[in-house]
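The values are calculated or read from the model by the stated rules, or taken from the named source; none is laboratory data. Since the structure is predicted, the reported quantities are computational estimates derived from the model, not experimental observations. Here the Cβ positions follow ideal geometry from the backbone for every residue, glycine too, while neighbour counts run over all protein chains shown. Each accessible area value is taken on the protein alone, full model and side chains, heavy atoms only, with ligands, DNA and RNA left out. Shrake-Rupley method; radii C 1.70, N 1.55, O 1.52, S 1.80 Å.
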Amino acid sequence: MAAWAPSDALGRRLLCGTEYGTVRYVGSVPPTAGIWLGVEWDDPQRGKHDGTYEGTQYFKCRHPKGGSFIRPNKANFGVDFLTAVKDRYALNDERDVQHGTENTLVFGKKTVEFVGMDSIAEQQRQVQLNQLVDISVRECAVSHAGQKEEISRTCANIRHINLSKNLISSWETVTAIASQVQNLETLNISENKMKFLSTSTSVSGAFSKLRILALNQTEITWAEVLLCAPGWPALEELYLTSNNITVLERPDNVLQTLKLLDLSDNQLLDGNQLHLIAHLPRLEQLILRNTGISSIHFPDAGFGCKTKMFPSLKRLAINDNKISQWSSINELDKLPSLRSLQCHNNPFMDTEKNPETLRQLIIAKISQLEVLNKSEIRPAERKGAELDYRKIFGNDWLAAGGNWNPEKNKPSEEFLAAHPRYPSLCLKYGAPEEGELKGRQPLTLKNQLLTLTIKCPENPEQKPVEKKLPESMTIQRVKGLLYRLLKIPGSELKLSYESSKLEGKEVELDNDLKPLQFYSIENGDCVLVRW
């Protein structure tokens with residue numbers, strides 16, 4: 001650390017002890033003598049003011065106490081990439097050859113010097129560096145690329161680089177490093193607050209083979225992403241969490257190879273922003289955790305139809321958002337390829353206190369879903385959910401103009417908006433029969449709970465489990481619950497029960513559509529599970 005400041009210090013990233021900051025001012029601060037650096041700290045608690053000292057504003061800070069002055073000799077402006085690699089992997093000259101003692105060998109009292117040991121050690125270092133494929137120099141104070149072509153000459157086989165939390169100040173530095181790594185596939189430069197492109201430039205070939213790029217916590221905007229994107233012709237995964245992204249723009253002729261996009265922890269203006277990225281042709285996974293969205297809507301498709309938006313989207317994560325209406329879940333059924341959904345911690349989930357019922361409702365509303373909140377949906381569980389949904393809302397369907405006679409079956413637009421899948425469920429299973437709907441308890445009423453013991457006779461290692469189940473729960477739904485509870489491999493379950501009052505008598509639970517109460521099951525009875 002020198003008493004002078006580098007000529008390009010303004011705007012550069014630095015370390016002072018363990019604190020990271022950006023140089024916002026270089027110069028004198030009267031009445032003191034000498035050069036000072038005005039620093040905006042990443043942690044505003046480290047600062048003292050907003051860049052104004054003794055009534056004079058030397059620089060600006062986003063936080064009223066985010067800045068302070070330090071002398072240049074307190075600042076660490078970092079090292080070049082290759083120095084950091086050698087330090088991290090113990091391949092530096094100082095560690096290999098200490099004071100020349102490695103070059104000699106003592107026989108009795110006679111010291112023999114091995115001529116050329118320095119060059120041999122250097123060759124060994126070169127071989128070791130050339131063998132490195134996956135490199136991590138996280139928190140190694142990397143700030144620049146170093147001598148031109150030195151990286152490509154020394155580390156020819158690198159494919160994956162972790163450069164997170166360093167002192168990289170600009171996208172140009174990243175390009176300078178990447179341009180020397182011919183087969184770069186994965187790059188993580190998260191937690192580097194840097195300047196990105198502000199205008200379109202000629203496309204560099206530095207990232208021609210890059211497939212995975214992480215730019216989390218870099219303060220990048222979506223506009224800057226699109227300016228950089230022409231240089232990422234093969235990119236498949238892009239991670240952009242915790243940035244300044246509030247509005248999106250349509251990516252024209254860029255990001256067309258993208259399969260995964262993570263926008264978590266960016267406060268998007270509204271759910272309609274998603275329409276602007278809805279035509280990425282290969283996007284299979286979209287992660288939108290904590291993005292502030294309150295609704296999802298695909299206006300190009302009507303009830304029971306599929307949208308042209310997100311044509312390849314298979315996996316969607318919308319956890320920790322503000323979605324309060326079930327209509328947004330109905331909209332997800334319009335996605336033609338959706339197979340997996342994560343939706344924990346949204347207000348709409350508070351409308352139903354029973355987590356099992358909540359899960360069944362989501363499954364019934366989204367026809368092609370195979371995984372919900374990381375738990376597989378088995379065919380038996382889907383069938384049970386759809387049959388229950390068909391019954392639960394059967395009376396609403398009749399009241400809204402539904403009819404068993406196809407010619408008279410004209411449910412209202414309001415009903416179809418709330419239950420767009422209902423007509424297709426009636427086609428799949430038939431309209432609910434009048435007998436099924438009589439005396440149906442409302443969904444929110446608590447049915448009487450039965451305390452039952454669950455046993456697996458064919459698996460002695462599986463300990464009996466005690467479970468409370470509503471007596472109105474169908475055998476189909478009980479099977480769906482047991483698949484997950486007992487982690488049983490995909491096969492058809494066979495259930496029976498033993499009465500606590502009639503020893504030795506086993507009754508088969510053979511009709512999936514019947515509730516537990518149909519079989520006169522009582523508290524204390526034992527359900528036997530076979531497969």
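Out of K487, K494, report the one residue that is surrounded by 13 or more Cβ atoms within 10 Å (Cβ to Cβ), under 20 Å from R378 (Cα atoms) and not assigned by the TED database to the domain that holds E370.
None of the others qualify; the one that does is K494.
Taken over the range 144-164, the criterion of being small (G, A, S), open to solvent by 10 Å² or more (accessible area, probe 1.4 Å) and touching a residue at least 40 places away in the same chain (Cβ under 8 Å) is satisfied by A145, G146.
Selection of the range 49-95 for residues being in a loop (DSSP other than H, G, I, E, B), in contact with a Gly (Cβ under 6 Å, 6 or more places away or on another chain), open to solvent by less than 20 Å² (accessible area, probe 1.4 Å) and on the phi < 0 side of the Ramachandran plot yields F59, G66. Criterion first (assigned to a helix (DSSP H, G or I) and over 19 Å from the mean Cα position of the chain (by Cα)) does K391 satisfy it? Yes, satisfied. For the range 320-360, the candidate set comprises residues that are touching a Leu at 6+ places or on another chain (Cβ under 8 Å) and among the basic types (K, R); within that set, the residue that is modelled with the highest pLDDT is R339.
Taken over the range 11-30, the criterion of being surrounded by fewer than 17 Cβ atoms within 10 Å (Cβ to Cβ) and closer than 26 Å to E219 by Cα is satisfied by G11, G17, T18, E19. Of all residues in the range 338-379, those satisfying the criterion of being under 21 Å from the mean Cα position of the chain (by Cα), among the charged types (D, E, K, R) and assigned to a loop (DSSP other than H, G, I, E, B) are R339, E370, K374.
Given the condition acidic (D, E) and touching a strand residue (DSSP E or B) at 6+ places or on another chain (Cβ under 7 Å), answer yes or no: does some residue in the range 180-188 qualify?
Yes, because at least one residue in the range 180-188 is acidic (D, E) and touching a strand residue (DSSP E or B) at 6+ places or on another chain (Cβ under 7 Å).
Would you confirm, using the coordinates I've provided, whether V39 is in contact with a Cys (Cβ under 8 Å, 6 or more places away or on another chain), farther than 25 Å from I161 by Cβ and in a strand (DSSP E or B)?
Details: in contact with a Cys (Cβ under 8 Å, 6 or more places away or on another chain): yes; farther than 25 Å from I161 by Cβ: yes; in a strand (DSSP E or B): yes.
Considered against the rule, which asks whether it is in contact with a Cys (Cβ under 8 Å, 6 or more places away or on another chain), farther than 25 Å from I161 by Cβ and in a strand (DSSP E or B), V39 comes out as yes.
Among the residues examined, Q517 qualifies as part of a helix (DSSP H, G or I), more than 40 Å from the chain's Cα centre (by Cα) and not assigned by the TED database to the domain that holds I392. I'd like to know if the range 221-236 contains one or more residues that are assigned by the TED database to the domain that holds S169, polar (S, T, N, Q), more than 15 Å from V174 (Cβ to Cβ) and more than 17 Å from the chain's Cα centre (by Cα). Looking for residues that are assigned by the TED database to the domain that holds S169, polar (S, T, N, Q), more than 15 Å from V174 (Cβ to Cβ) and more than 17 Å from the chain's Cα centre (by Cα), one finds at least one in the range 221-236, hence yes. Check the range 394-414 and report whether any residue there is under 19 Å from D512 (Cβ atoms) and at pLDDT 90 or above. Yes, because at least one residue in the range 394-414 is under 19 Å from D512 (Cβ atoms) and at pLDDT 90 or above.
When the range 360-381 is filtered for residues that are among the basic types (K, R) and open to solvent by 30 Å² or more (accessible area, probe 1.4 Å), the ones remaining, listed by number, are K374, R378.
Can you tell me which residue in the range 135-164 is modelled with the lowest pLDDT, limited to those that are among the small types (G, A, S) and part of a loop (DSSP other than H, G, I, E, B)? Result: A156.
Considered as a group, the residues in the range 199-239 that are among the aliphatic types (A, V, I, L, M) and touching a helix residue (DSSP H, G or I) at 6+ places or on another chain (Cβ under 7 Å) include one that is least open to solvent (accessible area, probe 1.4 Å), and that residue is A206. When F114 is tested against (1) modelled with pLDDT of 90 or more; (2) open to solvent by 50 Å² or more (accessible area, probe 1.4 Å), exactly one condition is not met: (1). Taken residue by residue, the range 387-395 has at least one member that is among the acidic types (D, E), on the phi < 0 side of the Ramachandran plot and not assigned by the TED database to the domain that holds A317. Go through the residues of the range 361-369 one by one and say whether even a single one is under 24 Å from L248 (Cα atoms) and at pLDDT 95 or above. No, because not a single residue in the range 361-369 is under 24 Å from L248 (Cα atoms) and at pLDDT 95 or above. Pairing residues of the range 165-179 that are part of a helix (DSSP H, G or I) with residues that are of a type in the set (K, R), at Cβ distances under 8 Å and at least 6 apart in sequence or on separate chains, gives W171/K195.
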